[in-house]
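Student: Sharing a structure with you now.
The values are calculated or read from the model by the stated rules, or taken from the named source; none is laboratory data. The model shown is predicted, which means the values in this text are computed figures rather than measured ones. Cβ sites come from the backbone with ideal geometry, for glycine too, and all protein chains shown count toward neighbours. Accessible surface is based on the protein model in full, side chains and every heavy atom, while ligands, DNA and RNA are left aside. Shrake-Rupley method; radii C 1.70, N 1.55, O 1.52, S 1.80 Å.
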Amino acid sequence: QVQLVESGGGLVQAGGSLRLSCAASGRTVSIYTMGWFRQAPGNECECVAAIVWNIGNTYYADSVKGRFTISRDNAKNTVYLQMNNLRPEDSAVYYCAANPTTSRWSDHSGYHYWGQGTQVTVSS
């Protein structure tokens, strides 16, 4: 079993920055990919970024490419999402998730473990 806890959300003005953190515990050796998802009212749940844990390969949705950066600290079993130049449309609940399968980085079905979510609100 894997447990995930997000932190770092909050309220920020457009153009500002936030850094989200996700601490993993439990059977972390089973994790192949870590991802960040977001869900806003009226919108489909979207995978915005993912990282292959032991290699470091990163993937980004077009909507955040060039503004968001995913990274990890293996010693701390923690993944981060640095969000720069935030826009009001980035407002959502952000979830980290762990994928022990070989499914695509953006495929919800491969992510078996989810955090509780952290709210990000960007004001115009």
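Student: Of all residues in segment 85-110, which are within 20 Å of residue 28 (Cβ to Cβ) and either open to solvent by 30 Å² or more (accessible area, probe 1.4 Å) or free of Cβ contacts under 8 Å to residues at least 60 places away in the same chain (or both)?
Tutor: Residues satisfying the conditions are 95, 100, 101, 102, 103, 105.
Student: Is it fair to say residue 26 is surrounded by fewer than 19 Cβ atoms within 10 Å (Cβ to Cβ), on the phi > 0 side of the Ramachandran plot and at pLDDT 95 or above?
Tutor: So residue 26 passes the test.
Student: I would also like to ask the following. Can you report the number of residues in segment 95-124 which are under 14 Å from residue 59 (Cβ atoms) and touching a strand residue (DSSP E or B) at 6+ places or on another chain (Cβ under 7 Å)?
Tutor: 6
Student: Let me ask something else about it. Just wondering, is there one or more residues in segment 29-38 that are crowded, with 16+ Cβ neighbours inside 10 Å, in a loop (DSSP other than H, G, I, E, B) and in contact with a Leu (Cβ under 6 Å, 6 or more places away or on another chain)?
Tutor: The answer is no; no qualifying residue exists.
Student: Further question: As an exercise: evaluate residue 56 against (1) in a loop (DSSP other than H, G, I, E, B); (2) buried (at least 16 other Cβ atoms within 10 Å of the Cβ) and give the number of the one condition it does not meet.
Tutor: All conditions are met except number (2).
Student: Something else: Show the residue pairs meeting these rules: Cβ distance below 8 Å; 6+ apart or different chains; first residue within segment 63-84 and touching a residue at least 12 places away in the same chain (Cβ under 8 Å) and over 13 Å from residue 96 (Cα atoms); second residue surrounded by 15 or more Cβ atoms within 10 Å (Cβ to Cβ) and of a type in the set (D, E, K, R).
Tutor: 63/46; 64/90; 83/67; 83/90; 84/67
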